[in-house]
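Every number in this text was worked out from the coordinates using simple rules, so none of it is lab data. On a predicted model such as this, the values are computed, not experimentally measured, just so you know. Note that we place each Cβ from the backbone using ideal geometry, even for glycine, and neighbour counts take in every protein chain shown.
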Amino acid sequence: MMETDFIPIDYDYFDFQGRNYAKIIGRNNKGKRICIIDSCPVYFWVILKDNLKQKKIKTLLEKIKKIKLDIKGRQTKVENVELHDKNYLGKKVKALKIFATNYKDLHDIADKLGMPEIEKRRGYDLGFITHYIIEKKLNPLSWYKISGEVLNNSEEFGGIDMNLDVDFCIKLESATKILKTEFNPKILCYDIETDDLKIGGGEILMVSLVSDDFKKVITWKKSPHTKLNYVEYVKDEAELLERFVEYVRAISPDFLVGYFSDGFDLPYLKARADKYHVKLSLGLDNSQPKFRRGRVLTGKINGIVHIDLLKFIQTAYSQYMQSETLSLNEVSKEFLNDNKKDFAIKHSSKLDEKDWKEYFEYNLHDSVLTYNLFQKFWPDIIEFTRIMQEPVFDVSRNGMSNNVEDYIIHNLNRFNEIPEKHPTHDEIGKRRQIKKYEGAFVFEPIPGLYEDIVVFDFTSSYGSVIVTYNLSKSTLLQKQEKNSHHIKISEKDVYFSKIPGFFPEMLKEIIEKRKTYKKELKNKPDAIKRARSNAFKLLANASYGYQGFFGARYYCREAAAATAAFARDAIKNTISKINKEKYETIYSDTDSIAFLIKNKSKSETLKFLKKLNDKLPGIMELELEGFFKRGLWVTKRTGSVGAKKKYALLGEDKRIKIRGFETVRRDWCKLARTVQNKVIREVLFSGNEGAALEYVKEVIKNIKQRKINKGDLIIKTQLKKPLSEYKAISPHVIAARKMQEKEIPISQGNLVEYYIAETEGKKKLVRDKVKLPNEKDKYNIQYYLERQILPAIENIFQIFDVNIKEIIEGKKQTTLKDF
DNA sequence: GAAGTGGATATACC
DNA sequence: ACTGGTATATCCACTTC
């Protein structure tokens, strides 16, 4: 017997004598690596039809108990059946808990249960690991005091411990959660460099490895005069792969971390290893990485958690980021104030001695950046994992719909709720065909420059609507009941029960937790509290989208549509109250309202806010976003009506908030963006257009005199699909084609860069003037004046009756005909 | 072949 | 396919005369 602390990190399972066993790799408090083997009862649920007689249930129960199956060479049987009172989608039901030998057989057993007494079969599609975590409450990345029998080269479980590179293998007897939270995992970051970006398409020139006090670049590209202490030379590419495996095994990290490594580094290493018949035995059981095809690849290593940091950052942080791409370079700049080493990658055949040295440094630094980013995001990764209660391998890759669903699945037991099944492929197809429902309300602003503006917004708007009106799949009523919530969705009446459903209840907890942690964070900030607060915020925000998401177990279009409808009512109602109070609403989008304070004072306005709040139903709450000195709204390019989702505000702290304008759009050239930004700032600070106009005239002059750097004229557009799938051949498609011709790697998801050149001849289309940044040509003066600068600033000056078009044309040296 | 319009596409807001 | 709908803007593709 052995007792120790234990933190579960990586989850796997295996079958032994027909039963499932969880195989969980983790550490103890002394840093020893431990594998625990454990089993749990395996079962699913059968929901019985209403009003079945006790005797009939008994007969059915006995009948089911006798079921035996021999499938796929595996003998399995129903081991026990129990009758329970459960909840299922808002209904109290009688349900049979059907225990079986093997989790993988649950589906087949369920298929045998087509009896007329049975209404539904549920809970066989969670996956064994999820089922195990729910059953045994052995949550990922939480500390436990465990005890069990040490397996030492034991024949038990077919000698599973013999080939496992761990300090102890324990057959678990008991596990109790303990208070300890701190965990500093051993991490190893890696990055490869190749000549060809196609997976396995070229040689791996080098691989860098970075851990605590460990920095290494392994290469087989000899460069005898370069003496860098971290560079290790090996004979050839095959030996590089072997050495890589040796280092990973020697360092034996908890996490092997890369950046875009699911889609590049790991599959590349595997492909090259296959080519040379080198075993990439990275797993603690000596297994090779396994890849799963999804929308993108994922690479799994047994016992060591492979993390692709890019994926985690995408779900947990991209919505707050300033970076225009999620490239390692930009993300490092934003979060680490560091960047990739400056090195223009060339084909290895064209590298000289100095280049190689820089290449090694570059390669090493990529792993250093990944290492530092991991440290930065570790609090978020651990909090996400603890909250969703799924293995960190999955949580670090999941999108927010998955996170919402994981949270729900792992909290159902508190509501005595039987899990809903995952929609079938057909069902998903049907859901996707249903047309959109009406969403948020957006107020059409009257263009102008306004002074003294107040902004109110609803806290967790959609979340608080869902909770307040109890909107979910399980609370949706088939027909009107007295004392229910009612709303119209495209002329159809929909009703929701007032008896709290588990989904709104869970969401209520999420919103409350978010509030608590936000407060705690404010009192005494630290990374863990920030991460926790953020995780609950994201969960709350994604819950609305989840109910409208076609892939959701708890999909409910009516609930999603009702959420938007109730929110529309709430905001419109508030707007009219604001206007009735002699304020003047100038803008509103979804959950926020901007209005003029007029002759009222701030304290009066805050009192008014309190009054509004007193009247709001349920947990709905309006809060002050801020007081603003000035605000700018412009017209749309076509017509004279005010543009929605486009405005700029000057705060009392002199901070400027710009939304929707070209300034914040990455598909406009830098020149247009900076010029517009400067114009907006000048106008907001001064309250008039004078200085901005002088500045613009200067810029126009500079453009005409060709004084603008080409770098400021580059337009960047993302290639959102494979090049061959484009129906409309727009400028960025032409640019991408040009890149392909020049064998510059370009693929879906990449940003394409180009500029518009003069180009001789009568060509009319913009795409005919596209040039790549390194193609020498004169920039097209007319294009940049009329298609970049003019659209960016025209509407702003229009507010002051200044016609920029005339200013551009008035001093123009070329005529319209030339364009 | 010019003018007008709708569709395709990218990106932002909340 | 991997949370939802609302909105702006550009440029191409196509129709029409």
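A viscosity of 1.002 mPa s and a temperature of 20 °C, combined with the Kirkwood radius over Cα pairs in Stokes-Einstein, give a translational diffusion coefficient for chain A of 69 µm²/s. For segment A:378-426 versus segment A:219-293, the spacing of their alpha-carbon centroids is 32 Å. A Cβ-based charge dipole, computed about the Cα centre of segment A:85-177 with Lys and Arg at +1 and Asp and Glu at -1, lands at about 880 debye.
Shown in residue order for segment A:11-22 are the 3J(HN,Hα) couplings computed by the Karplus curve 6.51 cos²θ - 1.76 cosθ + 1.60 at θ = phi - 60°: 10, 8, 8, 9, 9, 9, 6, x, 9, 8, 10, 7 Hz (x for Gly and Pro).
Taking the charge dipole of chain A about its Cα centre, with +1 at Lys and Arg Cβ atoms and -1 at Asp and Glu Cβ atoms, the residue from A:L765, A:F264, A:T4 reaching farthest to the positive side is A:L765. Ordered by the count of other Cβ atoms within 10 Å of each Cβ, fewest first, A:D338, A:D452, A:D105 give A:D338, A:D452, A:D105. Each of A:H131, A:H732, A:H410, A:H84 was scored by other Cβ atoms within 10 Å of its Cβ. Arranged with the fewest first, they read A:H84, A:H410, A:H732, A:H131. Less than 5 angstrom separates the built amide H of A:Y43 from those of A:A100, all sequence-distant by 5 or more or on a different chain. Subtracting the Cα-Cα distance of A:D653 and A:K607 from 0.36 nm times their residue separation leaves 14.3 nm of extension gain.
Before anything else, pin down the relative contact order of segment A:154-303: Cα pairs under 8 Å, at least 6 apart, normalised by residue count, whole percent. Working shown, then result.
Values: 215 pairs, mean separation 30.9, N = 150.
This gives 21 percent for segment A:154-303.
Could you list, in their original order, any pairs among A:K421/A:K513; A:K49/A:K97; A:K577/A:K598; A:K23/A:K145 whose Cα atoms are separated by more than 21 Å?
Details: A:K421/A:K513 28 Å; A:K49/A:K97 15 Å; A:K577/A:K598 15 Å; A:K23/A:K145 17 Å.
Correct reply: A:K421/A:K513.
Counting only C-alpha contacts under 8 Å and six or more residues apart, can you give the relative contact order of chain A as a whole percent?
Numbers: 1474 pairs, mean separation 71.9, N = 819.
9 percent.
Whole Å is fine, so just give me how far the alpha carbon centre of segment A:748-772 lies from that of segment A:427-449. Centre-to-centre (Cα) distance: 34 Å. Free of any GluC sites (Glu not before Pro) that DSSP assigns to a loop and that have at most 14 other C-beta atoms within 10 Å, the longest stretch within chain A is A:492-651. Tell me the net charge near A:K524. Cut-off is 14 Å between Cβ atoms, A:K524 excluded, with +1 for each Lys or Arg and -1 for each Asp or Glu. Taking every other residue near A:K524 into account, the sum is +4.
Give the order of A:V465, A:V442 when sorted by the count of other beta carbons within 10 angstrom, beginning with the fewest.
Details: A:V465 27, A:V442 13.
Listed from fewest to most nearby Cβ atoms, that is A:V442, A:V465.
With +1 assigned to the C-beta of every Lys and Arg and -1 to the C-beta of every Asp and Glu, and no other charges, what is the dipole magnitude of chain A about the Cα centre in debye, to the nearest 20?
On the way: 146 positive and 115 negative charges, 552 e Å.
Here the size comes out at about 2660 debye.
Contact order for segment A:742-794, expressed relative to its length and based on alpha carbon pairs under 8 Å spaced 6+ residues apart, stands at 33 percent. For segment A:269-367, the square roots of the Cα gyration tensor eigenvalues, ordered a ≥ b ≥ c, give a/c of at least 1.5 with a/b no greater than b/c, which places it in the oblate category.
Does segment A:123-193 come out rounded, prolate or oblate by the C-alpha gyration tensor, with a ≥ b ≥ c the root eigenvalues, rounded set by a/c under 1.5 and, if not, prolate when a/b is larger than b/c and oblate if not? The shape class here is rounded.
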